Each structure stands twice: as structure tokens, then as C-alpha cells.
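Visitor: Structure below; questions to follow.
The values are calculated or read from the model by the stated rules, or taken from the named source; none is laboratory data. Note that the structure is a prediction, hence the values are computed from the model and not measured. Heads up, the Cβs are rebuilt from the backbone with ideal geometry, glycines too, and the neighbour counts pull from every protein chain shown. In case anyone asks, the SASA skips ligands and DNA or RNA and just uses the protein heavy atoms, side chains included. Shrake-Rupley method; radii C 1.70, N 1.55, O 1.52, S 1.80 Å.
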Amino acid sequence: MFKQQPRDIADLLRVYIRKNGLETPLLQRRLIEAWDEVVGSVIAAYTEEKSIRNQTLWVKISSPAARSELQMRRTKLILDLNNKVGANVITEIKIY
């Protein structure tokens with residue numbers, strides 16, 4: 001009789017998610033949810049919309065001062081957000 005070694009459920013879920021093309025949308029969702037934590041509560045209060053298209057995070061900010069600050073911090077934000085989710089999900093941030 002053939003017996004398989006027991007496998008960890010986390011490994012099985014990882015394989016299932018990757019096999020069915022769900023890994024990228026899941027990582028994108030995690031990155032969008034991490035925005036408020038990474039930028040802080042003050043900037044998060046001015047954030048109106050967030051979306052990811054073609055590895056670019058599009059963020060609508062209602063305050064010109066907050067928008068200017070984020071423009072200067074874009075490179076660090078990309079690194080911090082990608083590190084938060086543990087993958088290179090975005091390569092650019094467009095702030096409007």
C-alpha cells in the first residue's frame with residue numbers, strides 16, 4: 001500500500017494559490033491594505049483612493065502638502081510597501 005508523507009497545510013495552500021493564479025491579486029490586496037500602516041495615520045487620513053495597475057500603485061491624495069511629501073518619499077515607500085508584503089509587487093507609485 002502506498003503511503004504519503006504528511007504535509008503542512010500552509011505548504012498545500014501556498015501551492016494551491018500559486019497554481020490557480022491567486023498569488024499576485026492576494027499580494028496586491030495585502031500591499032493596498034498595508035498603505036495606512038506604512039505612511040502613518042496623518043497621511044492615511046488624506047488618502048482617498050488606491051489601486052494597482054501594471055505594477056504601479058496609484059494613490060489619490062486630497063491634500064497638496066501631503067501629496068508633495070509623498071512625492072519626495074516615493075522610493076522609500078516602494079521599498080517599505082514591498083518589504084511589508086514580502087514580495088516585489090510594485091515598481092512605481094503615482095500620486096495624484
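Visitor: Per residue, how many Å² of accessible area does the chain show with a 1.4 Å probe?
Guide: Values: 6970 Å² over 96 residues.
Accessible surface, normalised per residue, equals 73 Å².
Visitor: Nearest 5 percent is fine: what portion of the DSSP beta bridges confined to region 15-96 is antiparallel? The partial results should precede the final answer.
Guide: On the way: 6 of 10 bridges.
Roughly 60 percent of the DSSP beta bridges within region 15-96 come out antiparallel.
Visitor: Follow-up question, since we're still on this one. Quick one: length gained pulling residue 58 to residue 87 fully straight, 0.36 nm per residue minus the C-alpha distance?
Guide: On the way: separation 29, 0.36 × 29 = 10.44 nm, distance 1.80 nm.
Once the chain is fully extended between residue 58 and residue 87, it gains 8.6 nm.
Visitor: Under the rule that an exposed site lies in a DSSP loop and has at most 11 other Cβ atoms within 10 Å, name the longest stretch of the chain with no trypsin sites (Lys or Arg not before Pro) of that kind, not counting the sites themselves.
Guide: On the way: sites that count: 3, 7.
In short, 8-96.
Visitor: About the Cα centre of the chain, how large is the charge dipole given +1 on each Lys and Arg Cβ and -1 on each Asp and Glu Cβ? Please answer in debye to the nearest 20.
Guide: Details: 16 positive and 11 negative charges, 67 e Å.
It works out to roughly 320 debye.
Visitor: Then there's this: Out of (1) 0.95; (2) 1.01; (3) 1.17, which label holds the value of Rg/Rh (Cα atoms, Kirkwood Rh) that was computed here?
Guide: Label of the calculated value: (3).
Visitor: Which of 45, 82, 61 sits closest to the plus end of the dipole of the chain, meaning its Cα is farthest towards the positive end, when Lys and Arg get +1 and Asp and Glu get -1 on the C-beta?
Guide: Of 45, 82, 61, it is 82.
Visitor: For region 1-88, which whole-number percentage of the solvent-accessible area (1.4 Å probe, protein heavy atoms only) is attributable to carbon and sulfur atoms?
Guide: Details: 3390 of 6600 Å².
Within region 1-88, the accessible surface is 51 percent carbon and sulfur.
Visitor: Also: Looking at the chain, how many pairs of lysines come closer than 16 Å at the Cα, when each pair is eight or more places apart or spans two chains?
Guide: Counting lysine pairs in the chain gives 5.
Visitor: For region 14-22, just list the computed ³J(HN,Hα) in residue order, Karplus coefficients 6.51, -1.76 and 1.60, θ = phi - 60°, integers in Hz, with x standing in for Gly and Pro.
Guide: Values, residue by residue: 4, 5, 4, 4, 5, 5, 9, x, 9 Hz.
Visitor: Would you mind telling me which residue in 54, 82, 20 has the biggest mean-square fluctuation in a Gaussian network model of the chain, where springs connect alpha carbons within a distance under 10 angstrom?
Guide: 20
Visitor: Here's a follow-up. If you plug each phi of region 58-64 into the Karplus form 6.51 cos²θ - 1.76 cosθ + 1.60 with θ = phi - 60°, what whole-Hz ³J(HN,Hα) values come out, in order, with x for Gly and Pro?
Guide: Rounded to whole hertz, the list is 9, 10, 9, 10, 7, 9, x.
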